[in-house]
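Colleague: The structure under discussion is supplied below as structure tokens; questions concerning it will follow.
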Amino acid sequence: MPSRKASAGSVGRVGVPMLGTTALVRNGVMRPMALSKLRRIWRKYRKWGLTVTLAFTAGAVRHPDRIAVIDDRGSITYRDLDERSTRIAHGLRSLGIGEARPRIGVLGRNHRGVVESCLAAGKLGADVVLLNTGLSARQMRSVVEEQGVDLLIVDEDLLPLTADCPGDVLQVVGWVENPSGAVAYGDRRWHTLDSLIASSPGWTLPLPGRHGRTIMLTSGTTGTPKGARRPEPRSLAPISATLDVIPFQAGEVMLLAPPLFHILAFGHLQLGALLGATFVLHRKFDPRRALDDLGQHGCTSLVAPPVMLQRMLEVPGAELSTCDSSALRIVLSGGSALPTWVANRFIERFGPVLYNVYGSTEVSWATIATPRDLIEAEGTAGRPPRGTRVAVLGDSGEVQPIGEVGRIFVGNEMLFEGYTEADAVTETQLGLMCTGDLGYFDEKGRLFIAGRADDMIISGGENVFPREVEDLLMLREDIREVAAVGVPDEEYGQRLVAYIVPEPGFEVSAGEVRAYVKRNLAKFSVPREVIFLDELPRNPAGKVITRELPDPPADLDLIPPGPRTKSSLPAHRRDAMA
């Protein structure tokens with residue numbers, strides 16, 4: 001009599017493309033299971049491909065009673081999440097959403113409704129546009145029109161952001177404080193996800209004629225965000241390569257702190273679902289609550305951008321020192337530059353658990369820094385994982401020598417499929433895509449980021465890297481936050497301005513800031529203006545919105561830039577040039 005169990009390798013034999021299965025088996029993505037379950041998962045793969053919909057619905061087959069999400073409303077299992085998303089899909093279909101009107105915009109904070117909406121869209125074969133909650137009403141209308149959104153799923157408190165959207169765009173409320181019934185806003189009443197669930201059937205939907213796509217917006221920190229089409233993975237090879245470096249395990253309890261519309265959170269939502277993770281989500285980030293979550297829920301992993309890790313470290317000493325982080329094995333940072341002092345302090349407090357991922361919406365990941373990398377080479381972005389190529393190229397496309405700054409190009413299986421705007425283009429060389437960042441490799445193949453290519457300024461004929469100045473100033477205990485940017489200058493072409501948020505209880509002067517930079521970097525890197533702010537403008541993912549920084553006053557005394565000296569370069573670059 002044939003066995004009722006199938007080996008992990010059976011998945012590959014029935015056609016799911018695989019590469020590097022060792023990590024998948026070791027970390028629990030692939031496990032022996034009953035043949036009946038394997039067949040059900042295979043049918044779901046045929047329906048939806050390697051998408052977030054497959055990841056969660058496969059979880060409903062493998063471990064239906066496991067908690068999938070803990071949010072501000074409580075907890076919900078994989079089975080219930082699957083059933084609720086099916087009912088939502090039926091409800092959306094009754095509103096006319098499907099292959100004829102296939103694009104759903106999701107504007108929500110972190111909660112189960114955002115996850116359910118993405119799953120429901122996948123079951124309909126509809127595209128999901130993950131909308132940034134930090135956009136203005138004007139920007140929201142522009143993005144909705146550009147992306148051709150047919151229906152919006154919007155949290156109740158975010159409805160003012162969609163008030164100016166075209167009238168033919170349907171709206172459903174995703175999160176309400178009172179989940180029963182419809183929601184009145186202005187002179188209209190809106191369906192809610194819960195009302196759709198209550199009024200819709202739960203039977204299996206027909207096979208969609210297409211696989212839905214996920215469209216994410218670029219950060220838009222300097223202009224209007226663009227839509228980037230995320231690819232459907234062709235195999236599990238990218239996941240295997242990640243698990244080779246970052247040891248996520250089956251059954252993780254993962255605190256996802258970044259907004260789900262950001263690639264850092266959404267990518268790990270999909271990865272974690274394949275591992276059967278329990279996700280801890282909150283609509284708004286609070287550093288004290290995040291520390292409490294580590295112990296209360298026994299979180300084994302935390303995903304957060306650097307600014308959130310910094311806020312956790314700033315919680316008063318007794319609360320920080322007594323938080324229970326005994327289960328914490330992995331802290332994954334990404335989305336923006338990780339300051340060296342944040343990395344050092346975090347490792348000092350929580351142990352060697354910190355990983356740093358460098359990438360973008362367009363290229364997914366490029367490099368990963370392990371705890372050992374961060375300890376041995378402060379400020380590194382790490383090395384490319386298996387299957388990813390990274391090159392640092394000069395202006396003429398030549399590969400730069402070790403220690404020399406150039407533009408960063410990346411190639412892997414998860415490059416995005418292009419912008420949704422017809423006139424938006426990307427640059428490629430040697431089969432690799434440009435990230436828009438500047439960086440260099442050290443002699444051990446570790447990448448360092450110098451800043452954005454469009455952030456580098458030329459002042460008095462010298463190249464100035466604002467990121468270098470920011471990293472230096474963040475080492476001071478009297479400075480909480482800093483942003484260094486270039487502004488036009490009639491005499492020198494451009495000049496550097498430093499925007500500084502002092503640490504509470506400290507006083508710092510512009511003269512002290514300039515003198516500190518002059519002692520540690522080249523004279524041309526000294527900010528010619530220093531402006532003090534109460535806070536830096538940031539988007540919900542933690543990136544500084546440079547276009548919202550105030551213009552520098554016109555009556556400040558300016559200091560001229562100075563000449564470059566070899567001794568002003570970072571030590572690892574001086575060694576490379578010796």
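Each value in this text was obtained by applying a stated rule to the coordinates, not by laboratory testing. Just so it is clear, the structure is predicted and the values come from calculations on it, not from any experiment. Neighbour counts run over all protein chains shown; Cβ positions are idealised from the backbone, glycine included.
Colleague: Which value results for Rg/Rh of the chain when Rg is the Cα radius of gyration and Rh the Kirkwood radius based on the inverse mean 1/r?
Modeller: My calculation puts Rg/Rh at 0.97.
Colleague: If you average over every viewing direction, what projected area does the convex hull of the Cα atoms of segment 331-405 give, in nm²?
Modeller: Directional mean of the projected Cα hull area for segment 331-405 stands at 5.8 nm².
Colleague: If r is the Cβ-Cβ distance from V315 to D65 and R0 is 41 Å, what FRET efficiency results, to the nearest 0.05?
Modeller: The computed FRET efficiency comes out at 0.75.
Colleague: Something else: Stretched out fully, how many nm does the piece from S199 to S36 gain, at 0.36 nm a residue minus the Cα gap?
Modeller: 55.6 nm
Colleague: Return the ratio Rg/(2.2 N^0.38 Å) for segment 507-552, where Rg is computed over Cα atoms only.
Modeller: That works out to 1.37 for segment 507-552.
Colleague: Over the chain, calculate the relative contact order: mean separation of alpha carbon pairs under 8 Å at least 6 apart, over the residue count, as a percent.
Modeller: Computed value for the chain: 11 percent relative contact order.
Colleague: Based only on other Cβ atoms within 10 Å, what is the fewest-to-most ordering of F266, F350?
Modeller: F350, F266
Colleague: Which semi-axes, in whole Å and largest first, does the equivalent ellipsoid of segment 184-337 have when worked out from the alpha carbon gyration tensor as the square roots of 5 times its eigenvalues?
Modeller: 30, 22, 19
Colleague: Here are some pairs, K284/K543; K47/K543; K226/K543; which of them have Cα atoms lying more than 26 Å apart in this structure?
Modeller: Over 26 Å apart, Cα to Cα: K47/K543.
Colleague: Still on this model: K44: which aspartates and glutamates have alpha carbons under 20 Å from its alpha carbon, excluding same-chain residues fewer than 8 sequence positions away?
Modeller: D65, D80, D82, E83, E99, E116, D127, E232
Colleague: Kirkwood-based Rg over Rh for segment 79-212 (C-alpha set), two decimals?
Modeller: Expressed as Rg/Rh, it is 0.93.
Colleague: For D164, D455, which order do you get if you count the other beta carbons within 10 Å of each Cβ and list the fewest first?
Modeller: D164, D455
Colleague: Would you mind ranking Y419, Y499 so that the residue whose beta carbon has the fewest other beta carbons within 10 Å leads the list?
Modeller: Ascending number of Cβ neighbours within 10 Å: Y419, Y499.
Colleague: To continue, here is another question. For L281, enumerate residues with amide H under 5 Å from its amide H, sequence gap 5+ or separate chain, H modeled in the peptide plane.
Modeller: Those qualifying (amide H under 5 Å, at least 5 residues apart or on another chain) are I70, D71.
Colleague: Another question about this same structure. How long is the gain from T426 to D164 if the chain were fully straight, where each residue apart is worth 0.36 nm and the alpha carbon distance is subtracted?
Modeller: Gain on stretching T426 to D164: 91.2 nm.
Colleague: Give me the percent of Cα-Cα pairs in segment 437-548 that sit more than 18 Å apart, rounded to a whole number.
Modeller: So the portion of pairs separated by more than 18 Å is 52 percent.
Colleague: Considering only DSSP beta bridges with both partners in the chain, what is the antiparallel share in %, to the nearest 5?
Modeller: 60 percent
Colleague: Moving to a separate point now. If packing is taken as the mean number of other Cβ atoms within 10 Å per residue, what is the order of 291-304, 70-83, highest first?
Modeller: Per-residue mean Cβ counts within 10 Å order the peptides as 291-304, 70-83.
Colleague: Report the equivalent ellipsoid semi-axes for segment 237-452 in whole Å, largest first, defined as the square roots of five times the eigenvalues of the gyration tensor built from alpha carbon atoms.
Modeller: Equivalent-ellipsoid dimensions as semi-axes: 31, 19, 15 Å.
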